[in-house]
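The values are calculated or read from the model by the stated rules, or taken from the named source; none is laboratory data. These numbers were taken from a predicted model, which means no experiment stands behind them. Here the Cβ positions follow ideal geometry from the backbone for every residue, glycine too, while neighbour counts run over all protein chains shown. When the accessible area is computed, the model is the full protein with side chains, heavy atoms only, and any ligands, DNA or RNA have been set aside. Shrake-Rupley method; radii C 1.70, N 1.55, O 1.52, S 1.80 Å.
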Amino acid sequence: MKKPNTLKIKSLIKHRKNSKSEAALTSETLLEVDLDAIEGIAYSPGDPQVECQKQKNIGKISAKIKKWQRNSKSPETPTDNAVELDFNGNLEQNRLAEAQQQLLEAEECLFSSKEVTRGKDEEDKLQMDYEIFILRLRLVIQDSFIEDNQETLKSALISIVKEEAQDRRWAEVAADQRPIWRPTRCRQFHDTLLQIIVEQRMKNADEQNNLADNLSTSLKREVFRLGKQVQKDLLRVVRNLRECYPPDFDICRLYARLYHQAFSTRLQEFSRSNISSEECLYILSWIVEYYPKDVLKYKELEEHINSSSLGPLLPEEDLERLEKQYFSYKENEIRKWLSNAFEKEVKKWSDDIEPELMDGYYFSNFALDVLPLVDGAVKDVNTLLSSEDKAWSLLNQLDSFFLSYKTSLEKLIKRNPENIPKTLSANLDNIYQFRDYVQKPEHPFSEDTRTACLSTLADLKNICHKYFLSRIHTELKPLYQKLWTKVWFAGNSEVVEELVKELENYIENFKELKPVCREELLAELHVEVMVEYVRRMMKRKLKLKDKEQQEAAAEFICHDSSKICSVFAKVGSRQEWLSQILHKLSEILKLQDPGSLQIEIVTLARDYPDISEQHVLALLNLKTNLSSSDLRKIKGCLSEIRDTLDTESPTSFFSKVLVKRKII
């Protein structure tokens, strides 16, 4: 009766009863031993003689296995008085290197000389011993991850190295002159077996890992277990197995390649199935972040593994499909976040809900609801997709978002609900937070999007500022109208002191604005008050007929400048440059010499390139004692230097001062 080529062997090694769950095989595992796969002997297919002999050997191999069951400890070194062990004894003592050396000696004896006649029984016995040895070798390699097996593994690897050397020797001999079992290809057999071991360990990845229980789907739990199995096993290779192997095996890199391939195969299966967006994100996170950084770059592993040689975990086609799905998910997610946050804020406006006070300032969560989510999504896309263009695309949504914000704010001001001053105070803080985010160079806006967003945010700020400041200027108009009139000239201090007092009252109303918002608002108010002062001055309602009047007016100007600027300085205005403008204008009023006056006008034009000819003539027309010829000379000189002026001056003032009619 013909026996099958596969033996089922139970309880192969006694010490496996104490092995841990992560061992590839346990004492309860049925190991299928395919003799054709493990013998590594180059038999000719269909050889009747070989087939017949193989059937005889199977029974004998089974008997050997039973002996191995009784003794599977690490190799023992015999004492000086010990009896020298034969081949079977060495196998029973797990001394594979010694057993293999005995096989080599027997092979040399049997095949070394053509003159020696080889007995059929001797050759058959040696062939069977080689089959038994290869089977024993398989079992030892199969148990590589069992800690107590390390010394036996070292012995097995020594025998593999010797077998490879013997294969190379026989390669120089004609095929019909070699033993039928040559070449044994033990190294190839070893590498193939490692691949099977790795695949089996990945298939049975530790399901007892409690950390995976926190993950929301079975696919995410499976990916986590696979990744952790790779890390755990590679650490055991580096810490334990590496010392067992000769350097030329490069065992750490070999295992790394095998685990990489096994992990890659499973990830490909997952990526080609119908996975959710969350699962897509999780797989990408393992590919880009966890696997290369937490596994391959783990401190103990990095120096032993050439991660750059492993290649990508997923083929380009699979990776692109995941990236496309993930990016679409992030685009929709940001769109939803922006829409929800905007609707929530606008509803508060519609219901005229008073914003809350925090640390004494009106506050809204609008920017805080939006920016962290957007920034997190952009960073995720940058990290996982390494694509600046895609990050730009996500941030492009802020452009339309800010435009909608602007439209709604304009509608709110038209409605003018009761709480609008408080609502605008809170929204100024939001606008400044948005502006700060857009301005930072580390945030990957395209230049066009950044410019468009900053422009819209500037419009939003101006809408709020205009609401507050226009009301102030309306209230101050009666006082503005007294400036540079006979009333002002007759009792200068009274007009300006009243103006300053009113300014202080209005400034007090802004105490519930965040400091950065209040500072910019008051800086703008400071500029506008000074612009209004100079505009009233250039309306020419007051004529300064002689030197005494001109010097008196110059003194009044300096006094007014000091009073006005001191009010804003007290509340933190940093517009120091404004205090110089009225002083420079006062110098022009005081000067009587046409030549000196001409020099002062040129200096003023260089300091303030936005001053026009109309401004200069309006100023000079206050001095009624200045002749027409002197006016023409100054005008001509101003025209000559106009082309040499730096029109890109950081301070713009006179362009805001409107002179209604041209003065000739």
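For this structure, a couple of remarks:
- Modelled spin labels at Ser216 and Glu84, positioned 7 Å past Cα toward Cβ, are 7.1 nm from each other.
- Spin-label pair Asp389-Thr265: with each label point 7 Å from Cα along the Cα-Cβ axis, the two points sit 3.6 nm from one another.
- Cβ-Cβ FRET estimate between Ser652 and Ser446, R0 fixed at 30 Å, reported to 0.05: 0.60
- Summing Lys and Arg as +1 and Asp and Glu as -1 over all other residues whose Cβ lies under 13 Å from the Cβ of Phe363 gives a net charge of -4.
- Accessible surface, 1.4 Å probe, highest first, among residues Lys299, Lys379: Lys299, Lys379
- Three principal axis lengths of region 273-321 [C-alpha, angstrom, descending]: 37, 19, 13
- Note on region 496-611: percent of Cα-Cα distances in each 5 Å bin, starting at 0 and stopping at the bin with the largest distance, equals 2, 10, 19, 21, 18, 12, 9, 5, 2, 1, 0.
- Accessible-area composition of region 211-339, carbon plus sulfur, in percent [1.4 Å probe]: 46
- Backbone N under 18 Å from the Lys501 label point (7 Å along Cα→Cβ), restricted to region 546-561: 560
- Spatial separation of Cα centroids for region 323-337 and region 244-312, in angstrom: 27
- Near the amide H of Phe363, within less than 5 Å, lie the amide hydrogens of Glu356, Met358, all on another chain or at least 5 residues away, with H placed in the peptide plane.
- Rounded if a/c under 1.5, otherwise prolate or oblate - region 238-330, Cα gyration tensor axes: prolate
- If you plug the beta carbon distance of Asp607 and Lys539 into 1/(1 + (r/R0)^6) with R0 = 22 Å, you get a FRET efficiency near 0.45.
- Binned Cα-Cα distances of region 509-566, short to long, each 5 Å bin given as a whole percent: 4, 15, 18, 20, 15, 10, 8, 6, 4, 1
- Theoretical gain in end-to-end length, Thr485 to Glu508 [0.36 nm per residue, Cα-Cα removed]: 5.4 nm
- Cα→Cβ-extended label distance, 7 Å offset, between Asp176 and Asp375, nm: 8.3
- Cut-off 15 Å, label 7 Å out along Cα→Cβ of Glu475, residues of region 567-590 by amide N: none
- Solvent-accessible area per residue in region 504-642 equals 44 Å², computed with a 1.4 angstrom probe and all protein chains kept.
- Solvent exposure ordering (accessible area, 1.4 Å, most first) of Lys406, Lys623, Lys590, Lys511: Lys511, Lys590, Lys406, Lys623
- The GluC sites (Glu not before Pro) of region 211-318 meeting both criteria, a DSSP state outside H, G, I, E and B (loop) and at most 16 other C-beta atoms within 10 angstrom of the site's C-beta, are Glu303.
- Residue pairs exceeding 30 angstrom between C-alpha atoms, taken from Lys514/Lys541; Lys390/Lys422; Lys411/Lys570; Lys545/Lys660; Lys486/Lys514: Lys514/Lys541; Lys390/Lys422; Lys411/Lys570; Lys486/Lys514.
- Karplus-derived HN-Hα couplings along region 167-173 (A = 6.51, B = -1.76, C = 1.60, θ = phi - 60°), whole Hz, x at Gly and Pro: 4, 5, 5, 6, 5, 7, 9
- Under the Debye formula (equal points on every Cα, no solvent term), log10 I(q)/I(0) of region 158-220 at q = 0.13, 0.21, 0.23, 0.26 Å⁻¹: -0.56, -0.88, -0.95, -1.04
- Gain in span if fully extended, Glu494 to Glu122, counting 0.36 nm per residue against the direct Cα distance: 120.8 nm
- 5 angstrom amide H check on Leu544, placed H, neighbours 5+ away: Thr624
- Once the C-beta distance of Glu555 and Val516 is scaled by a Förster radius of 30 Å, the resulting FRET efficiency is 0.20 to the nearest 0.05.
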